[in-house]
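The values are calculated or read from the model by the stated rules, or taken from the named source; none is laboratory data. Please read these numbers as outputs of a predicted model, since none were measured by experiment. With ideal geometry, Cβ positions are generated from the backbone for all residues, glycine too; neighbour counts draw on all protein chains shown.
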Amino acid sequence: MTKKKVYLDYASTTPLDPRVFSAMKPYFSQKFGNPMSLHSFGKEAKEAVEKSRKIAGDFFGCDSGEIIFTSGATESNNFAIKGVALASRSGRKTKPHIITTQFEHSCVLEASKKLEERGMADVSYVPVSKEGIVSAADVLKEIRNNTILVSVMYVNNEIGTIQPIKEIGKLVGTVNAARERKNLPKILFHTDAVQAVNYLDCNVQNLGIDLLTASGHKIYGPKGIGCLYIRKNTPILSIQDGGSHEFGFRAGTLNVPGIVGFGTALEIAEKERKRNYKIVEKMRDYLIARILKEIQGVKLNGSKIKRVPNNTNLTVKDVEGEGMLLELDMKGIAVSTGSACSAGDLRPSHVLTAIGISEEESHGSLRVTLGKFTTKQEIDYFFNSFKEAIARLRKIAGK
Ligand SMILES: *Cc1c(COP(=O)(O)O)cnc(C)c1O
């Protein structure tokens, strides 16, 4: 019997959509040109890159010239935070101030901490409510005269909660209008939108965003590709220098197949958003309802309403997350504890800590994230295996 495989870890990475793969293939073989080359091979590659840039511009509601392709969201977030801090430091004496939140992705938190350690910036980390939501008023409270950047993620990758990005964007806009009169630097607003692209409106004009991060492999595209939207005339410096690629913002020969795949993935995401939202939400709600009804001592973490449709984050009483993960893995089921980036790290998840979950409780946490290829049969198979695993582990623990 071949082993059944059920993938429920879509927030870590998604399988490549077969249509994306088909679109990419020629750019690994016959269409291998360097888009910077002036001959026909180069022109062919450049055309493909610019087509994807146009798709990305349409997707995010901006000019295609405001899209910079990067190696993924980790780079985009580092670029946004460090690049803005660098630009603000040049020619000025005061240390810039950045506002972010306690439950950002590790690449935002670590980039911010590095700036602090190196004396490049001061950073405030805004707390998060028990529901897993950052309040715009709390962000506002942290604004100082030397604040240059606010970075708040659109959707949290562990608990799936949706942040009031539009409201924060509006507030920052209002604050900026007053600051202009006082000759204070404009505050830029950055969002890590990686987990939002599949499901939510990412129009940067609607949201009042100056910088936005997206990643290919979270939207059924390839790994190693992403983008940073940079609003025109934003003071930001490159953090990777060399050739004049990407309007001088990011040197290095372009990942043409990746860019083609990313563009195709964005195009599909746009077209199928409503449909995927509904399908995934229905299955996720069915799963949560069954778990809460049929298994004792399980709690859902984060707001039930302000949440992307594919995320379920649970804490299970008297059971270790790693134990559940391994039991499920033996049945071919893939889920995660905390985030993939901190797996293997025994410290409690910084996200669960931020929403007030105790260390002990957070050890029993499990994240189950669905996607457009998930089926009802898979959900039922997961549910039965999950229920069994908990019963077994509780029995072993004598609970
Ligand atoms: C996955 C993820 C990242 C990192 O993306 P990469 O493209 O793998 O570097 C950043 N932020 C969030 C919210 C994510 O979910």
Original post:
So Asn311 fits all but one of (1) touching a Lys or Arg at 6+ places or on another chain (Cβ under 9 Å); (2) more than 15 Å from Ala196 (Cβ to Cβ); what number is the exception?
Top reply: (2)
Original post:
Quick one: Gly302 ticks every box in (1) out of contact with any Phe, Trp or Tyr (no Cβ under 9 Å at 6 or more places or on another chain); (2) surrounded by fewer than 19 Cβ atoms within 10 Å (Cβ to Cβ) bar one, so which box is it?
Top reply: (2)
Original post:
Looking at Phe69, is it out of contact with any Asp or Glu (no Cβ under 6 Å at 6 or more places or on another chain), within 16 Å of the ligand (Cβ to nearest atom) and in the same structural domain as Val197 (by TED's automatic domain parsing)?
Top reply: yes
Original post:
Hey, any hits in segment 141-151 for a residue that's within 16 Å of the ligand (Cβ to nearest atom), part of a strand (DSSP E or B) and in the same structural domain as Ala85 (by TED's automatic domain parsing)?
Top reply: yes
Original post:
Can you pull out the residues in segment 357-397 that are at pLDDT below 95, outside any helix (DSSP H, G or I), out of contact with any Asp or Glu (no Cβ under 9 Å at 6 or more places or on another chain) and surrounded by fewer than 16 Cβ atoms within 10 Å (Cβ to Cβ)?
Top reply: Ser358
Original post:
If Thr264 satisfies every condition in (1) among the polar types (S, T, N, Q); (2) in contact (Cβ under 8 Å) with a residue 60 or more places away in the chain; (3) surrounded by fewer than 20 Cβ atoms within 10 Å (Cβ to Cβ) but one, which is the exception?
Top reply: (3)
Original post:
Since Asp201 meets every condition but one in (1) under 19 Å from the mean Cα position of the chain (by Cα); (2) touching a residue at least 40 places away in the same chain (Cβ under 8 Å); (3) in a loop (DSSP other than H, G, I, E, B); (4) more than 16 Å from the ligand (Cβ to nearest atom), which condition does it not meet?
Top reply: (2)
**OP:** Could you please tell me which pairs satisfy a Cβ distance under 7 Å, a separation of 6+ or placement on different chains, a first residue in segment 84-107 that is assigned by TED's automatic domain parsing to the domain that holds Thr213, and a second residue that is of a type in the set (Asp, Glu) and part of a loop (DSSP other than H, G, I, E, B)?
**Re:** Ile99/Glu142
Original post:
If only one of Ile390, Ile333 is over 24 Å from Asn198 (Cα atoms) and not assigned by TED's automatic domain parsing to the domain that holds Val134, which one is it?
Top reply: Ile390
Original post:
From Ile55, Ile81, which residue is surrounded by 18 or more Cβ atoms within 10 Å (Cβ to Cβ), under 16 Å from the mean Cα position of the chain (by Cα) and part of a helix (DSSP H, G or I)?
Top reply: Ile81
Subject >> Any chance Thr147 is buried (at least 17 other Cβ atoms within 10 Å of the Cβ) and in contact with a Lys or Arg (Cβ under 6 Å, 6 or more places away or on another chain) >> reply: no
